[in-house]
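**Student:** Take this structure first; my questions come after.
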Amino acid sequence: MRPPDPSEMPATGASNVRPRVRIQTPALAHEAAQAAANARPTDALRGSPRGEQDSALTVGREAIFDVQDLSVSYGSSQAISGVTLQIHRNLITAIIGPSGCGKTTFIRSLNRMNDSVPGFTIDGKILYHGHDIYDRGVDRVEVRRRIGMVFQRPNPFPKSIYDNVAWAPRNLKMKSGLDERVERALRGAALWDEVKDRLKDSALGLSGGQQQRLCIARAIAIQPDVLLLDEPASALDPIATAAIEELMQTLKNRYTIVIVTHNMQQAARVADRTAFFNLDASDGRRTGVLVEYGDTDVMFTRPADTRTSDYVTGRFG
Amino acid sequence: MNAPIGLTGTLPGDARSRVRSADRIGDGVLYGLCMLASLLAVVTLGAIAYKVIDGASASISQFGLGFLTHSAWRPNFGIFGAGTFLYGTAVTSFAALLLAVPLGISIGLYLSMMASRRVRGVIGPLVEMLAAIPSVILGFWGILVFGPFLQAHLEPFLHRTLGFLPIFGAPSSTGSGLFNASLILTIMVVPIIASLSRDLFLAVPQELQEGATALGATRWEVLRGVVLPSAASGVAAAAFLGLGRALGEAIAVTQVIGAGDFIHVSLFQTGDTLASRIADQYQGAATPQLVASLFYLGLILMVIGLIANIAAQWIARRFDVGRVAAR
Ligand SMILES: Nc1ncnc2c1ncn2[C@@H]1O[C@H](COP(=O)(O)OP(=O)(O)OP(=O)(O)O)[C@@H](O)[C@H]1O
Ligand SMILES: [Mg+2]
């Protein structure tokens, strides 16, 4: 389904293999690269873990994102390195891992929100529907229009509820049928019934959970393709969290969702696929790496990597 | 002994009480000093207000409120009216604000949102130093450099291109006049508005800007749609503070406004403001009537300045209260 992968054609010898390799520890990476080279013909044996294998969930599903050997640095410190994974249409993909392992860095790279961070540099490729979003000539504003984002702390504008949702459509000149659009977005975010009688009230008067759903409504009002959620429920109580989780299940029919979470149960509950990031300290510097990626039930019940099983069973991290 | 340490601690009895009483005296002295200082400010304000009203009383009882609208000022004939100076004050302050608000906001935006950290570190303090130039120096510069330039270039140009507007009449002969005064005031007000609005823009939460950016807004759309509205009332308050400064400025205005006695529509003509007329004539005031009338001008100026100040505070407070209440 997906278009030919440009990085596989011109790239250097090493990176021809590396994007496919799961284990990122340098020492192991070398072995794995050799193993991968030897094992070339049989996909199932390639490199480490299961992430690579097509699961029942991903087979025949379009990869919205194809991230290849992604490394991100802030100034001289590297936040993540060598991350390769695919994110599939209409699935919920969870990113889990200990604090500082680069989860936020990773998803902010997916819609170019990091561009304005001083010292931000990126290596590798992020293909979105086959196009590298960091290519020269790509309009990052358009990237963000299609790839919406909800942040850890609810950040509604100090405006009315209605104006919060209408802000982006107005800004993007999608003004016809604005009332319907606002209503649809609020219904989509399961907030309509709670706010329909006070659309003109300040959004800052809503509860934290309502504010977060308003931010989701605000994001879906411009009908993006992907929703990136960075710990959307970490500032919320269990009831508001449950509301958001339930909402995600309905949203995934229309959107592709990537959610960062610290909460293992949450990942197990909501996500179809889970990626486990970890801090790799082997060469003296602490860098975030992708340890394992696969279907959520596999990740939580029979992960291939001991670091994953340690983490998901709460033995550390 | 399991009473809390602070109450029956381990210090011997009298040492404890010595520490306590020293503390108490220190507290009391500090409290007294601070209160005295505050009181001093209030008393000074009262004393000044009293002196101004008292000094003006003769003029007030003679001319009444008609003083405000009467525009003739002829001390030798005992004719006094504040009209010309009210007009001059209004025109120069308004023109200064008209120029300084967009300029100041632009500088504030540049320094807070666009400039690199290094540029910011250089230009920011320089803009603030502009406010530190003594006004009498600015006035000198207005006479020696600005005036001739206006008279030779800018005024003829404006008259040629926009001469159909009565405010751009025939160029002046000296370069002194309402126009020059307005521009000098602009130079004084810009740093106030620029540095305040820079701080206001910097205070707009990063999260809001990111929220807008993530919705596919361009940089300019984020500025226009999020940053400017969030800071708007603060900037309005800053403008009123700037207005207060422009209204009260005497020395530099006296130097460049030309001390005119008549109301002219054209900005290129001479005029006078309340403050500059007082600065101009108080020293040589020969008659008690003139002195009283100058005090009357001062009283008007004080009231206007007070209103501008209250307006600034009211806007700033409403802004804050509005934000707190919305939480
Ligand atoms: N704007 C930034 N400038 C410099 N370094 C940064 C910046 N943002 C993140 N980092 C660094 O990058 C690394 C990864 O941070 P990131 O925020 O992506 O981690 P995270 O997995 O999201 O952590 P958490 O779970 O605590 O949110 C950290 O070492 C962090 O200090
Ligand atoms: Mg994070």
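**Student:** Could you provide, to the nearest whole Å², the per residue accessible area of the stretch B:55-154 with probe 1.4 Å?
**Tutor:** 54
**Student:** Another question, if that's okay. For A:V258, B:V136, give the ranking by accessible area with the largest first, probe 1.4 Å.
**Tutor:** Solvent-accessible surface, decreasing: B:V136, A:V258.
**Student:** Further question on the same structure: Hey, what number do you get for the protein assembly as shown at 222 nm if only DSSP H runs of n ≥ 4 count, each worth -39500 (n - 2.57), divided across all residues, to the nearest 500?
**Tutor:** -16500 deg cm²/dmol
**Student:** Quote the accessible area belonging to B:K51 in square angstrom, nearest 10, computed with a 1.4 Å probe and with ligands, DNA and RNA left uncounted.
**Tutor:** Around 110 Å² of this residue is reachable by solvent.
**Student:** So, one more: Hey, can you list the DSSP H helices of chain B whose Cα span along the axis is 18 Å or longer and whose average Kyte-Doolittle score is at least 1.0?
**Tutor:** Helices meeting the span and hydropathy rule in chain B are B:83-109, B:178-202, B:228-248, B:288-326.
**Student:** A follow-up question, please. Excluding residues on the same chain fewer than 8 positions from A:K159, give the lysines whose Cα lies under 29 Å from its Cα.
**Tutor:** A:K173, A:K175, A:K196, A:K200, A:K252
**Student:** If you average over every viewing direction, what projected area does the convex hull of the Cα atoms of the stretch A:80-172 give, in nm²?
**Tutor:** 8.0
**Student:** Counting protein heavy atoms only and a 1.4 angstrom probe, how many square angstrom of accessible surface do chains A and B bury in total, to the nearest 100?
**Tutor:** Using a 1.4 Å probe on protein heavy atoms, the buried area is about 1800 Å².
**Student:** With a/c under 1.5 counting as rounded, go ahead and sort the stretch A:188-317 into rounded, prolate or oblate using the C-alpha gyration tensor (a ≥ b ≥ c being the square roots of the eigenvalues; past the cut-off, prolate if a/b is larger than b/c, else oblate).
**Tutor:** Prolate shape, in that a/c is at least 1.5 and a/b is the bigger ratio.
**Student:** Could you tell me whether the stretch B:112-163 comes out rounded, prolate or oblate from its Cα gyration tensor? Rule is a ≥ b ≥ c as square roots of the eigenvalues, rounded for a/c under 1.5, then prolate if a/b exceeds b/c, otherwise oblate.
**Tutor:** It is oblate, given that a/c is not under 1.5 and a/b is not larger than b/c.
**Student:** I would also like to ask the following. Over the stretch B:69-326, what is the relative contact order in percent, taking alpha-carbon pairs closer than 8 angstrom and at least six residues apart?
**Tutor:** About 28 percent, as a whole number.
**Student:** If you take the charge dipole of the protein assembly as shown about its Cα centre, with +1 on Lys and Arg Cβ and -1 on Asp and Glu Cβ, which of B:L297, B:L183, B:P205 is farthest toward its positive end?
**Tutor:** With unit charges placed on the Cβ atoms, the residue in question is B:L297.
**Student:** A further question follows. What shape does the protein assembly as shown have by the C-alpha gyration tensor, where a ≥ b ≥ c are the square roots of the eigenvalues, rounded means a/c under 1.5, and otherwise prolate means a/b greater than b/c and oblate the rest?
**Tutor:** Cα axes put the protein assembly as shown in the prolate bin.
**Student:** Within the protein assembly as shown, what percent of beta bridges assigned by DSSP are antiparallel, to the nearest 5?
**Tutor:** Approximately 60 percent, going by the DSSP bridge assignments.
**Student:** A:D163: accessible area at probe 1.4 Å, nearest 10 Å²?
**Tutor:** 50
**Student:** May I ask you to find the residues of the stretch A:126-148 that are shielded by at least 50 Å² of accessible area once the whole protein assembly is considered instead of their isolated chain (probe 1.4 Å)?
**Tutor:** A:V141, A:R144
**Student:** Now for a different question. Give the residue list of chymotrypsin sites (Phe, Trp or Tyr not before Pro) in the stretch A:242-317 that are DSSP loop and have at most 14 other beta-carbon atoms within 10 angstrom.
**Tutor:** Passing sites in the stretch A:242-317 are A:F316.
**Student:** Quick one: order B:D23, B:D272 from most to least accessible surface, probe 1.4 Å.
**Tutor:** B:D23, B:D272
**Student:** Quick one: accessible surface of A:H88, probe radius 1.4 Å, all protein chains present, in square angstrom to the nearest 10.
**Tutor:** Spelled out: A:H88, probe radius 1.4 Å, area about 10 Å².
**Student:** Size of the dipole of the stretch B:69-326 about the Cα centre, Lys and Arg at +1 and Asp and Glu at -1 on the beta carbon, nothing else charged, in debye to 20?
**Tutor:** Dipole of the stretch B:69-326, to the nearest 20 debye: 320 debye.
**Student:** Using only the Cα atoms of chain B, construct the convex hull and provide its projected area averaged over every direction, in square nanometres to one decimal.
**Tutor:** Orientation-averaged projected area of the Cα hull: 27.8 nm².
**Student:** Follow-up question, since we're still on this one. What is the percent carbon and sulfur in the accessible area of the stretch B:69-326, measuring with a 1.4 Å probe over the protein chains and ignoring ligands?
**Tutor:** Ligands and nucleic acids excluded, carbon and sulfur reach 70 percent.
**Student:** Using protein chains only (no ligands, no nucleic acids) and a 1.4 Å probe, work out which residues of the stretch B:210-243 have their accessible area cut by at least 20 Å² relative to the chain alone.
**Tutor:** Listed by number, the residues meeting the 20 Å² cut-off are B:E210, B:G211, B:T213, B:A214, B:L215, B:G216, B:A217, B:T218, B:E221, B:G225, B:V226.
**Student:** Looking at the stretch A:220-235, which residues lose a minimum of 10 Å² of accessible area between their chain alone and all protein chains in place, measuring with a 1.4 Å probe and not counting ligands or nucleic acids?
**Tutor:** A:I222
**Student:** Further question: What span do the alpha-carbon atoms of the stretch B:73-209 cover on each of the three principal axes, reported in whole Å from largest to smallest?
**Tutor:** 64, 36, 30
**Student:** Ordering B:C34, A:C215 from largest to smallest accessible area (1.4 angstrom probe), what's the sequence?
**Tutor:** B:C34, A:C215
**Student:** At 1.4 Å probe radius, can you tell me the per residue accessible area of the stretch A:233-311 in Å²?
**Tutor:** 42
**Student:** Still on this model: Most mobile of B:Q255, B:Q283, B:Q269 per a Gaussian network model of chain B (Cα springs, under 10 Å)?
**Tutor:** B:Q283
**Student:** Compute, for the protein assembly as shown, the length of the dipole vector about the Cα centre, with Cβ point charges of +1 (Lys, Arg) and -1 (Asp, Glu) only. Units Debye, rounded to 20.
**Tutor:** 200
The values are calculated or read from the model by the stated rules, or taken from the named source; none is laboratory data. A quick note: this is a predicted structure, and the numbers were derived from the prediction, not measured. Note: ideal-geometry Cβ built from the backbone for every residue, glycine included; neighbour counts use all protein chains shown. Protein only, heavy atoms only, side chains kept; ligands, DNA and RNA dropped before computing areas. Shrake-Rupley method; radii C 1.70, N 1.55, O 1.52, S 1.80 Å.
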